[in-house]
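Notes follow the structure.
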Amino acid sequence: MRILIVVNLSAGQGDAGLYEYVRELGRAGAEVVIRFIGPDSPIGASLDDAASFDRVVAAGGDGTASFVAFELRDSNIPVVVFPKGTANLLALNLQMPVDPLGLAETTLRGRTVRTDLAAFAPERPAADGRPGGFVIMAGAGFDASIMRGAKELKPVLGAGAYLLSAVQNLQPTIAAFTLDLDGRTVRTEGIAVLLVNFARIQFDLAVTHSSDPSDGLLEVVVFHGKTMVDVLPVVWAALLDRLGDHPDRMNLEIYTAASVRVASDPPLHLQADGEVVEATTPFEARVLPQAATFVIP
């Protein structure tokens, strides 16, 4: 088996067991090629010959995994998510192991699944430094403000950077939203809009009760409320989901659509898979049905 590992040197705070992982792959007889990327070495160039490998491993955070999956969309090339970042939400949603031995076993003997991706419209390549799309979720408003505030602190505080940024945004901007959902217009207001493909976030909590990343639809979630306190009922409902069936999500307005346009007054910053997007609303996204192939246990 030929395996290409793309390692984002800027992600995380250590090697996350990468050496042990590669050693296990080598012991199993795999041919391993490692390419390191940094601020001056674009990921896209490291994937030019991806079709000559049996697996492509994205070793980094959610932004790295999202970029690799989006670049290899519709190629049927299996992508392995190696969690080396701060949040690692895609690895969580795919139920990937966190130990090097388990990750090596999954890489060599795991099964493949196909999931949806979402592309921003008008479509643009991811190689220009802005995401061309997303795998987990994208959003405008409060969540994007948290990502922007945490960006410089993640190398020092890790996941704690998100908590500190949230505390610094106790009074989020309330915006009037206009949502175009497969041709249907909805007008509402809130502190954020999320387009959700994979629903599980930090602490294994689900933003929505049920989300299928392979159904050709995005869940469009509007967060109501005026302060951080109004987000607590959402967290509480998600915690109850860990104990049983709790479909209610107070302070959330939820729709589904394959094509979405989000406009807001005032304009709001954006994030995609935890990465800051240097743009503001309005923005558009559409589902690419089952365009990604991932390896899972």
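The values are calculated or read from the model by the stated rules, or taken from the named source; none is laboratory data. Values in this document were obtained by computation on a predicted structure and should not be read as measured data. Don't worry about glycine lacking a Cβ; one is built from the backbone with ideal geometry, like all the others, and counts go over all protein chains shown.
Considering only region 269-296, state which residues are in contact with a helix residue (DSSP H, G or I) (Cβ under 8 Å, 6 or more places away or on another chain) and either at pLDDT 95 or above or more than 27 Å from Gly60 (Cβ to Cβ) (or both). Passing the criteria: Ala292, Phe294, Val295, Ile296.
Applying the condition of being aromatic (Phe, Trp, Tyr) and outside any strand (DSSP E or B) to region 1-41 and asking which residue is nearest to the chain's Cα centre (by Cα) yields Tyr21. A Cβ distance below 6 Å, combined with a sequence gap of six or more or placement on separate chains, defines the contacts here; from region 51-72, residues that are closer than 14 Å to Gly132 by Cβ and touching a residue at least 40 places away in the same chain (Cβ under 8 Å) reach residues that are aromatic (Phe, Trp, Tyr) and outside any helix (DSSP H, G or I) in the pairs Ser66/Phe134. Within region 59-116, restricting attention to residues that are part of a helix (DSSP H, G or I), closer than 13 Å to Ile5 by Cβ and not hydrophobic (A, V, I, L, M, F, W, C), which residue is modelled with the highest pLDDT? My answer is Thr107. Checking each residue in region 268-297 for being under 15 Å from the mean Cα position of the chain (by Cα), assigned to a strand (DSSP E or B) and acidic (Asp, Glu) picks out only Glu275. Within the set Asp74, Asp54, the sole residue that is within 25 Å of Ala199 (Cβ to Cβ) and of a type in the set (Asp, Glu) turns out to be Asp74.
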